[in-house]
Amino acid sequence: MAERRRVWMLLACVLGVAATVSLGLWQVDRGAQKRALQRDIDQRAQLPPIQTAGLPPADQALPASWVHRTARLEGQWDRDHTVYLDNRPMAGRVGFFVLTPLKLKDRADAVLVQRGWVPRDARQREALPPIVTASGNVRIEGRLALTPSRTYELGPGVGSGLIRQNVDLAAFQAETGLRLLPLVLWQTDAASASSPSADTGGAVAASASAPAGLAGADGLLRQWPAPTVDVHKHDGYAFQWFALAALILGLYVWFQVLAPLRRDRRRRDARDADAT
């Protein structure tokens, strides 16, 4: 009976160590894949910026290799279709992400631009802060992405009105009638206007209206997080699995090898003591 028990304990130990080591190695491999992906993202950011004429038409899918690339675009803001994404924090404050379509120069297409962030008025939660939107041609630079920033929401996720929780590109295209490209530009620089005039939409001059600490003459903050993949969690998971494997092996050695040896030694010592 005791011999059968030892066999089962050995089998359980081997299976447990094999399973946990395999899971640890799988996490190590996942971490290596994420590191390779991060290197690819970093390399894309160093490539020459994509220009307006180089963008695909609205009915063509965006090449996967273009995600996270820099683009320099020129066109005119469609300020009538500006929307504000609610509950977006930045710099430790709650506010809105401002999204405006950019009608591309010499093209029938438009691209949705995530222009920046503005703080929310805590006293009047539905009040929209003033922003400056140039009325002529503008040149902007940013990082290409597949979708605007998204946050959790209840319901079907199709919003309307100026203030929304999220924006779906297909639904927004149907709503506005614009030929939207299947991508979003996260603007990283202040818009450079090729026309000196600007339309503030009732706002006062940017230098007076922009809240303290905001970058750019349009009063928008653009402290976007760098595109990264979570590599460290895989390192942590791998460490946990390897530690569990070591624990299983250590417990087996202690209870099935060392503890019996200690008991046998104590018994021999006791017999020798009795003999003397």
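Every read-out reported here was derived from the displayed coordinates using simple, explicitly stated rules and does not represent laboratory data. The shown structure was predicted, so the numbers you read here are calculated from the model rather than taken from an experiment. Glycine also receives a Cβ, built like all others from the backbone with ideal geometry; neighbour counts cover every protein chain displayed.
List of remarks:
- Calculated FRET efficiency, Arg125 to Tyr152, Cβ-Cβ distance, R0 = 30 Å: about 0.95 to the nearest 0.05.
- Simple label model, 7 Å out from Cα along Cβ direction - Glu141 to Arg79, nm: 2.5
- If R0 equals 41 Å, the separation of the Cβ atoms of Ala91 and Ala61 corresponds to a calculated FRET efficiency of about 0.75.
- Base-10 log of normalised Debye intensity for the range 69-108 (one unit scatterer per alpha-carbon) at q = 0.27, 0.36 Å⁻¹: -0.89, -1.09
- Efficiency of FRET from Cβ geometry, Glu3 and Trp254, R₀ 25 Å, rounded to 0.05: 0.80
- Taking the number of Cβ atoms within 10 Å of each Cβ as an exposure proxy, the fewest-first ranking of Leu221, Leu15 is Leu15, Leu221.
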